[in-house]
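The values are calculated or read from the model by the stated rules, or taken from the named source; none is laboratory data. For clarity, every value in this text was computed on a predicted model and none was experimentally measured. So basically every Cβ, Gly included, is an ideal-geometry build from the backbone, and we count neighbours across all protein chains shown. All accessible areas refer to the heavy atoms of the entire protein, side chains included, with ligands and DNA or RNA removed. Shrake-Rupley method; radii C 1.70, N 1.55, O 1.52, S 1.80 Å.
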Amino acid sequence: MAVSAYDLTGRTAFVTGAASGIGRASAVLLAQAGATVHCADRDPHGLDETAALIKDEGGTAHLHPLDVTDRARLQQAVESCERLDIMAAIAGIMHSSPVLETTEADLDRVLDINFKGVLYACQAAARLMLARQVRGSIVTMASGAVDTGGPGLLCYGAAKAAVVQLTKTLATEVGRDGIRVNAVAPGWIRTPMTNRHDDEAQTQRQAQTQAQAHTEALMTRIAPLGRVGEPEDVAHAVLYLASDASAFTTGQILRPNGGVAMPW
Ligand code: NAI
């Protein structure tokens with residue numbers, strides 16, 4: 001297989017969560033591979049920084065400040081693309097709460113962003129690809145939490161398990177139209193998400209800090225590669241699934257996780 005299978009020249013990608021971490025690294029790498037990249041996120045300043053990184057290297061970025069839970073706004077942004085070959089639905093939040101303390105509000109918030117936000121992005125992209133008869137690639141962001149479980153991961157893991165089910169289901173429904181759908185399930189990646197805490201309660205914050213320090217220590221001890229991941233480690237998985245290099249791959253979960261989990 002020629003290296004040119006990774007060449008995205010002439011293609012257009014839409015990346016959610018592009019203002020930070022894995023989404024930013026993916027947007028930048030897809031642009032480096034030649035794609036025009038539409039960057040969506042609820043953080044407009046982060047989007048500007050991502051656009052600057054892309055433009056500094058001669059790439060093309062279009063920005064869509066939006067919340068992925070706003071279905072109509074997301075659909076409008078996707079439909080504004082002149083063409084769409086790649087959707088990378090990456091936006092998400094971390095959440096940790098023990099099962100017995102999990103509230104309906106916790107569940108709603110995490111499912112709204114981490115599952116419904118991905119679903120809406122996939123629906124908008126697949127509809128546009130079908131309408132324009134584009135043989136596209138959709139990449140969703142699951143998590144190693146689906147493989148390993150862990151205390152506090154009820155809402156987060158449930159949303160990511162739903163993303164895996166969405167990925168497999170959609171792959172079976174649009175494969176004959178030439179659209180591939182795959183998930184990436186990273187292990188522990190060093191990003192602003194794993195450094196900061198999205199939740200308000202200070203006690204919960206402290207608990208999360210301890211849990212994260214523990215996870216990181218564990219990861220460096222037990223992972224075969226002996227380190228945590230970097231956003232670029234995941235971006236390369238996104239590029240592979242977005243490109244023709246993965247032309248015979250659909251409905252799969254790719255795990256850039258340093259070997260910390262090795263499911264069948
Ligand atoms: P991050 O916090 O650095 O980036 C997430 C981005 O999503 C941010 O720019 C944020 O503004 C955006 N976002 C969050 N909610 C949004 C909403 N409602 N609408 C629009 N944008 C929204 O986090 P990171 O680590 O880069 O995570 C990206 C994805 O990777 C997430 O889906 C996360 O669950 C997943 N992931 C991360 C892992 C890690 O260890 N960092 C491991 C496994 C999966």
(message) Can you find, within region 12-22, the residue that is surrounded by the fewest Cβ atoms within 10 Å (Cβ to Cβ) among those that are part of a strand (DSSP E or B) and in contact with a His (Cβ under 8 Å, 6 or more places away or on another chain)?
(response) 12
(message) Suppose we keep only residues that are closer than 18 Å to residue 118 by Cα and among the acidic types (Asp, Glu) within region 23-60. Which one would you say is surrounded by the fewest Cβ atoms within 10 Å (Cβ to Cβ)?
(response) 43
(request) List every residue pair whose Cβ atoms sit under 7 Å apart, with the two residues 6 or more apart in sequence or on different chains, where the first one lies in region 38-54 and is near the ligand (Cβ under 10 Å from one of its atoms) and the second, anywhere, is basic (Lys, Arg). (result) 50/24
(request) Kindly check whether there is at least one residue in region 69-88 that is in contact with a strand residue (DSSP E or B) (Cβ under 8 Å, 6 or more places away or on another chain) and among the basic types (Lys, Arg). (result) yes
(request) List every residue pair whose Cβ atoms lie under 9 Å apart, where the two residues are 6 or more positions apart in sequence or sit on different chains, the first residue falls within region 131-149 and is acidic (Asp, Glu), and the second residue, located anywhere, is open to solvent by 10 Å² or more (accessible area, probe 1.4 Å). (result) 147/187; 147/253; 147/255; 147/257; 147/260; 147/261; 147/262; 147/263
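Inspect all residues belonging to region 82-96 and state whether any of them is surrounded by fewer than 19 Cβ atoms within 10 Å (Cβ to Cβ), modelled with pLDDT under 95 and either more than 15 Å from the ligand (Cβ to nearest atom) or under 14 Å from the mean Cα position of the chain (by Cα) (or both).
First, pick out the residues of region 82-96 that are surrounded by fewer than 19 Cβ atoms within 10 Å (Cβ to Cβ): 82-83, 93.
Applying the additional criterion that residues be modelled with pLDDT under 95 yields 82-83.
Next cut, either more than 15 Å from the ligand (Cβ to nearest atom) or under 14 Å from the mean Cα position of the chain (by Cα) (or both) only: 82-83.
Yes, because at least one residue in region 82-96 is surrounded by fewer than 19 Cβ atoms within 10 Å (Cβ to Cβ), modelled with pLDDT under 95 and either more than 15 Å from the ligand (Cβ to nearest atom) or under 14 Å from the mean Cα position of the chain (by Cα) (or both).
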(request) For region 150-162, enumerate the residues that are part of a helix (DSSP H, G or I), out of contact with any Leu (no Cβ under 8 Å at 6 or more places or on another chain), open to solvent by less than 20 Å² (accessible area, probe 1.4 Å) and of a type outside the set (Lys, Arg). (result) 157
(message) Taking the criterion of being open to solvent by 20 Å² or more (accessible area, probe 1.4 Å) and near the ligand (Cβ under 10 Å from one of its atoms), would at least one residue in region 132-142 satisfy it?
(response) no
(request) Considering only residues that are acidic (Asp, Glu) and touching a residue at least 40 places away in the same chain (Cβ under 8 Å), look in region 96-120 and name the one that is nearest to residue 77 (Cα to Cα). (result) 112
(request) Tell me, please, whether a residue that is at pLDDT below 95, under 30 Å from residue 31 (Cβ atoms) and charged (D, E, K, R) can be found in region 197-212. (result) yes
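For residue 110, are the conditions met, namely being buried (at least 24 other Cβ atoms within 10 Å of the Cβ), over 21 Å from residue 181 (Cα atoms) and β-branched (Val, Ile, Thr)? Can you show your working first?
Working: buried (at least 24 other Cβ atoms within 10 Å of the Cβ): yes; over 21 Å from residue 181 (Cα atoms): yes; β-branched (Val, Ile, Thr): yes.
Judged against the criteria, residue 110 is a match.
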(request) Please name all residue pairs, on different chains or six or more residues apart, with Cβ atoms under 7 Å, provided the first residue is in region 178-198 and is within 19 Å of residue 165 (Cα to Cα) and the second residue is basic (Lys, Arg) and modelled with pLDDT of 95 or more. (result) 179/135; 185/255
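Do the conditions hold for residue 226, that is, is it more than 20 Å from residue 25 (Cβ to Cβ), at pLDDT 95 or above and out of contact with any Asp or Glu (no Cβ under 6 Å at 6 or more places or on another chain)? Give the derivation first.
Values: more than 20 Å from residue 25 (Cβ to Cβ): yes; at pLDDT 95 or above: no; out of contact with any Asp or Glu (no Cβ under 6 Å at 6 or more places or on another chain): yes.
Here the answer is no, as residue 226 does not meet what is asked.
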